[in-house]
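Notes follow the structure.
Every read-out reported here was derived from the displayed coordinates using simple, explicitly stated rules and does not represent laboratory data. It should be emphasised that the depicted structure is a prediction, and the values quoted were computed from it without experimental measurement. Methodologically, a virtual Cβ is constructed for each residue, glycine included, from the backbone with ideal geometry; neighbour enumeration extends over all protein chains shown.
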Amino acid sequence: MSLLGRSAWALLNTYYAVAREVHYFPDTVYIAVEAPYRNGTAHVVEGVRAISAHFGFSPEVECIPVAQGNMVDVYLRVYRLIETKRKEGSRVAIDITPGRKSTVAGVLLPITLNDVDHVFYLEIATTDDVAKPYQMIPRQFHQLHDFKEEAVRAGNGG
């Protein structure tokens, strides 16, 4: 599950980093998209498919429209999808990197650590010249986080 915001690069670079660094290869990629960003979804879907093919897998990709800036709508559409997938026995990962704050809040506020397997965030230390592919951003400027893993580790004494 990813949240498309202002930057398609944020979504695609985190997706690439997760595949490369964590070897997480989903069967289905859901992308929650607010109205202002719906015009860019075809390129994002194409990018997700190209990255997936590079790593040797081919997930289904589905865009989920959500109301702009509406945390409740995001909760109703995204969190309920997460609940359904967990009940089906699926592993669930969330990428919060590209999401706008209200979208991220709508996903994160209702979850517990047991609801998801991963909460990914690609930290970029600069905003200068980073609208480009992951491999072209100098390594010292980015770090992939799995907030769930970090929270579990901190809860177990580090």
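Some values worked out for this structure:
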{"item": "Highest average packing first - 2-14, 144-156, Cβ atoms within 10 Å", "result": "2-14, 144-156"}
{"item": "The stretch 134-156 and the stretch 1-66: distance between their alpha carbon centers, rounded to Å", "result": "18"}
{"item": "Hits among lysines - C-alpha to C-alpha of Lys132 under 28 Å, sequence gap 8 or more where chains match", "result": "Lys101, Lys148"}
{"item": "For the chain: relative contact order, % (alpha-carbon pairs under 8 angstrom, 6 or more apart)", "result": "28"}
{"item": "Span-like helix ranges in the chain, DSSP H, alpha carbon extent 18 angstrom or more, Kyte mean at least -1.0", "result": "41-54"}
{"item": "Sum of side-chain charges, Leu122 neighbourhood, beta-carbon under 10 Å (Lys, Arg +1; Asp, Glu -1)", "result": "-3"}
{"item": "For the stretch 1-78: relative contact order, % (alpha-carbon pairs under 8 angstrom, 6 or more apart)", "result": "35"}
